[in-house]
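The values are calculated or read from the model by the stated rules, or taken from the named source; none is laboratory data. Since the structure is predicted, the reported quantities are computational estimates derived from the model, not experimental observations. With ideal geometry, Cβ positions are generated from the backbone for all residues, glycine too; neighbour counts draw on all protein chains shown. Accessible surface is based on the protein model in full, side chains and every heavy atom, while ligands, DNA and RNA are left aside. Shrake-Rupley method; radii C 1.70, N 1.55, O 1.52, S 1.80 Å.
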Amino acid sequence: MTLEESKQIYYINREIEYIKKQLQDLEAERIYYKPVILSDMPKGSGEHTDITDDFLEKQKDLEDMMQYSLRKLQEERKEFEEFLKSVDDAEMRLILRLRCINNMRWEEIGEEIGVHRTTVSKKFYSFFKLSHNSHEDCDNM
């Protein structure tokens, strides 16, 4: 697994947050009123747009996007969990899990493990650098 692949869970989570915010904003803009009908006369031949239909269409699109993102998140998490099984070092597994799956900041991970945030980030990036170099060495054989 590469560093870029490990960041996918973070970005999918951010995407889900953004879609949730869009749904909330859409709901806040929704107009709840019943139009007053003054007569039973026909409305005329002018073009009529129903704001309810527009709202429902936007809502459906956002909900579809949310479902896709949630499915993608589950797939990425499952794949990352499989990857974690191959990591022998328990501390490194914990750092990877906290950063990539739980989306914790370096400061939070450092507090959990009992080291400074820079130590945690250096270990994280060193792991992927060593992993990447070992894959290149295997490719050259």
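Note on segment 88-113: residues that are free of Cβ contacts under 8 Å to residues at least 12 places away in the same chain, touching a helix residue (DSSP H, G or I) at 6+ places or on another chain (Cβ under 7 Å) and either under 21 Å from SER131 (Cα atoms) or among the aliphatic types (A, V, I, L, M) (or both) total 2. Checking each residue in segment 100-120 for being in contact with a Gly (Cβ under 9 Å, 6 or more places away or on another chain) and hydrophobic (A, V, I, L, M, F, W, C) picks out only VAL120. Against the test of being closer than 26 Å to TYR11 by Cα, touching a helix residue (DSSP H, G or I) at 6+ places or on another chain (Cβ under 6 Å), open to solvent by 60 Å² or more (accessible area, probe 1.4 Å) and modelled with pLDDT of 80 or more, the options LYS78, LYS85, LYS72, LYS60 yield a single qualifying residue, LYS72.
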